[in-house]
Amino acid sequence: MQNRTLCLLWQNQQSRQWYHVANLTLEENDDYRFAYESQNKKRGLKDALENGYHLHPSFPSAVKTYTSDKLFSAFSRRLPNKARPDYVELLKANNLSVKNDEFEVLTMTGGKLISDNYEFVKPVDFDGKDFSFDFYVRGWQHYNEDKRQLKDLSEISFETEEDNGQDPDAIIVKYAGETIGYVPAFYSDFMKTVIESNSRFEVVSFDFNSQASSHRKVNILVKGQKANIQKTERETNLLLTV
């Protein structure tokens with residue numbers, strides 16, 4: 001099995017901005033590796049530190065690569081408690097089963113806790129010019145009523161939002177022409193280059209879970225092929241994290 005990587009994001013509660021601060025990798029030999037993000041210039045560790053972030057107490061060195069033969073306790077505590085009476089149902093709600101390993105559970109749940117501002121996400125998967133990534137729509141609660149349903153894949157579209165004061169690369173997600181939320185900022189500048197370069201892409205699938213919390217309600221999978229243009233700084237960094 002190839003190395004698998006997750007990107008650790010941190011959110012500043014005041015600005016609501018997300019920053020890519022570190023990477024967690026499960027290697028082929030089943031060892032885990034954790035290191036802070038040193039390549040990402042935009043909304044990376046440096047920007048995060050300048051905007052209120054403090055290094056995780058379990059990983060106090062910004063330059064050290066931490067290794068372990070099992071999932072670090074700082075992250076295993078983020079997995080659903082197996083003693084919960086609804087544990088199996090919770091896994092099913094995230095398209096998981098008891099057969100999935102800890103890394104897969106962390107991937108699907110994002111490892112979010114109410115008590116802090118961390119979340120794990122998958123990097124964009126590149127194979128030559130081909131790419132794929134999936135994400136949960138941000139901001140659903142601000143644009144949709146509780147009873148809203150999504151059923152038709154062909155009704156999902158994307159649109160750049162040039163006048164967004166929070167994110168100049170913001171990408172609106174629309175359904176039947178109406179805004180339902182945004183592409184997460186972690187992917188937005190990549191998606192913007194895809195759109196503006198007229199690269200081929202399509203929404204391959206989406207998962208709408210009416211019972212999930214707003215930030216995990218809509219998951220969209222995008223696949224495409226980049227046009228022959230120079231890679232952005234973010235794309236280069238994403239390639240480094242895979």
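The values are calculated or read from the model by the stated rules, or taken from the named source; none is laboratory data. Remember, it's a predicted structure, so these values are computed and weren't measured experimentally. Here the Cβ is made from the backbone with ideal geometry for all residues, glycine too, and neighbour counts use every protein chain on show.
Residues of segment 111-130 that are at pLDDT 90 or above and under 17 Å from the mean Cα position of the chain (by Cα): Gly111, Asn117, Tyr118, Glu119, Phe120, Val121, Lys122, Pro123, Val124, Asp125, Phe126. With respect to the conditions (1) surrounded by fewer than 16 Cβ atoms within 10 Å (Cβ to Cβ); (2) free of Cβ contacts under 8 Å to residues at least 40 places away in the same chain; (3) of a type outside the set (Gly, Ala, Ser), Phe158 falls short on a single one, namely (1). In this structure, Lys42 does satisfy being touching a residue at least 60 places away in the same chain (Cβ under 8 Å) and within 26 Å of Asp134 (Cβ to Cβ).
For segment 77-132, the tally of residues that are of a type in the set (Asp, Glu) and over 24 Å from Phe208 (Cβ atoms) stands at 5.
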